[in-house]
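Values quoted throughout were computed directly from the atomic coordinates according to the rules given, and no laboratory measurement underlies them. Model, not experiment: these values are computed from the prediction. Virtual Cβ from ideal backbone geometry, glycine too; neighbours counted across all protein chains shown.
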Amino acid sequence: MPDLDRIVRDIADEMRGRTDRGEVASYIPELARVDPGAFGIVVIDRDGAVASGGDSEAPFSIQSISKVFTLTLALGMVGDRLWKRVGREPSGSPFNSVVQLEYERGVPRNPFINAGAIAVTDVILSGHQPREALGEIVRFMQFLAQDTSIAIDEAVAASEQRTGFRNAALASYMKSFGVIDNPVDYTLGVYFHHCAIAMSCRQLAMAGRYLAHSGRHPGTGLSVVPPERARRINAIMLTCGHYDGSGEFAYRVGLPGKSGVGGGILAIAPGRASIAVWSPGLDASGNSHLGRIALETLTKRMGWSIFGV
Ligand code: DON
């Protein structure tokens, strides 16, 4: 049996020393202030044993990783009717692409590109005030991570609200096709705020455990989603979780994963472990550069790729 603790420590040591770190996101001004030298990793196995290295307790902006949890919530609210609003095919396009929406008459390709996630947020918002919808999302994260200290970083949310013109374009465009039900400003407000939730690698790995264990959260013994739904969310993470870098992530890492422009990645080793890594420097597709390399090393050394050793 490979020694998980040791491998995780080795990875953290190696990543600290690397100079190729990618570029920190700057289109959300507040994110540009993050230390590009940070690196954290946490792996939580089926029994709840935690292996961690580096800045594993430091909170960072989860950004698009929140889309996994909003997808889970929206499926819980409307079930398969969600797939009338949003597709589930990989886009092969950047996360904030505008052009594909026009070809596809305002229906986003999948729930993880920005347009798709905004449509999913709109579903969660319907019938609620923005404040209630956000409360629901934050409480879901707190429950999954078993940690009531998890909160929205208001400075990051305000920063994106001031500068998120592309998302505003995507939302308005979808509204023109009837894909968005609520006022565009409300839907965007909830979207920007859930992207601005701050969590540490430890909290994020805790929150992802239900996806590694057939929908059941081993920490609480509670069923979060039926097994079939966990399997399907994992499938969408594998095919769409890294946008136009999803093929490369599957090729190198071989796990369902979801990235965020804050530099975090949540990866799921089904039946085995929930994994969170964080390094703020991004590659050209907006995915954590060292985060991906760290996960590639981990899956190789543990033999955890879903495609075999
Ligand atoms: O909407 C945005 O652009 C950000 N709030 C989230 C984008 C993101 O995290 C893309 N992922 N790598």
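Results, tabulated for the structure shown:
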quantity: Residue (of ASN182, THR163, HIS194) at the positive-pole extreme of segment 64-197, dipole from beta-carbon charges; calculated: ASN182
quantity: For segment 262-269, 3J(HN,Hα) per residue [Karplus equation, 6.51 cos²θ - 1.76 cosθ + 1.60, θ = phi - 60°, Hz, x = Gly/Pro]; calculated: x, x, x, 9, 9, 10, 10, 9
quantity: Order of THR163, THR19 - criterion: other Cβ atoms within 10 Å of each residue's Cβ, fewest first; calculated: THR19, THR163
quantity: Point-to-point label distance, MET1-ARG46, nm (Cα→Cβ direction, 7 Å offset); calculated: 1.1 nm
quantity: Cα long-axis angle, helix 289-302 against the chain (0 to 90 degrees, to the nearest 10); calculated: 50 degrees
quantity: Cα principal axis extents for segment 118-258, largest first, Å; calculated: 39, 36, 27
quantity: Fewest-first sequence of LYS67, LYS175, LYS300 by Cβ atoms within 10 Å of each Cβ; calculated: LYS300, LYS175, LYS67
quantity: Globularity index of segment 64-197, i.e. its alpha-carbon radius of gyration over 2.2 N^0.38 Å; calculated: 0.98
quantity: Residues VAL309, VAL68, VAL179, sorted so that the one with the fewest Cβ neighbours within 10 Å comes first; calculated: VAL309, VAL179, VAL68
quantity: Pairs of Lys in the chain closer than 21 Å at Cα, counting only those 8 or more apart or on different chains; calculated: 5
quantity: For q = 0.06, 0.08, 0.09, 0.12 Å⁻¹, Debye-computed log10 I/I(0) when each Cα of the chain counts as one equal scatterer; calculated: -0.17, -0.30, -0.38, -0.71
quantity: Cα-based helix-to-principal-axis angle, 227-240 vs the chain, degrees rounded to 10; calculated: 90 degrees
quantity: Angle between the chain longest axis and helix 114-125 axis [Cα atoms, degrees, rounded to 10]; calculated: 70 degrees
